[in-house]
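The block underneath contains the structure these notes are about, expressed in structure tokens.
Coordinate-derived values only; no laboratory data. None of these values were measured; they are calculated from a predicted model.
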Amino acid sequence: MVYSTTLERWHTARYREFKSHRLRRVKKYLFAVLVLVIVAVLAYAVLPKEVDTTVMRTITIGGVSVAVDVADTEVLREQGLSGRSDLPSGKGMLFVFESDGLWGIWMKDMQFPIDIVWAGADGKVITVADNVAPETYPKVFSPSAPARYVLELPAGFAAAHGIVEGSQIVL
């Protein structure tokens, strides 16, 4: 009988130890899962909601071909040329909007002057703002009439190529 009691005690102690070890292991797994969920939620909150999918395209304006980055989403339009150190000759950025509007452009975080050209859905130039300097921020530049497209070009491009109101952009 003593043997049985000792054996029972031994089994009970081993069972408690096993149960305690198992419980600790489950707690570790739950903690790891909780940490992963928190990291995933924070990453989702911090990361941009839209991936930069800038498309390059060639357009013609003033008889000259220009390679443009197309900004056709809210994220891309918001970024624009901000943060870039320059805009090489023959390059530009074309902002494409879903509808015509008085789309304003400002020079926030710009480091070089640009020409800004607004055009209607037919590609006809509505307004040209020449040599707009970064120091003009926070002033907002707008077209004289609703436009569908805004084209940003290196400063002096419009004057050098005779781009004026009524010129045509071939998209």
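Here are some notes:
- Across region 55-170, the fraction of Cα-Cα pairs farther apart than 19 Å, rounded to a whole number, is 37%.
- Summarising the amide proton neighbourhood of residue 106: residues at separation of 5 or more, or on other chains, whose placed amide H is nearer than 5 Å comprise 141.
- Note, ³J(HN,Hα) from phi for region 88-100, Karplus 6.51, -1.76, 1.60, rounded to Hz, x at Gly and Pro: x, 4, x, 10, x, 9, 10, 8, 10, 10, 5, 9, 6
- Rounded to the nearest whole Hz, the Karplus-based 3J(HN,Hα) values (6.51 cos²θ - 1.76 cosθ + 1.60, θ = phi - 60°) of region 127-141 follow the sequence 8, 10, 10, 8, 6, 7, 8, x, 5, 6, 4, x, 4, 9, 9, with x at glycine and proline.
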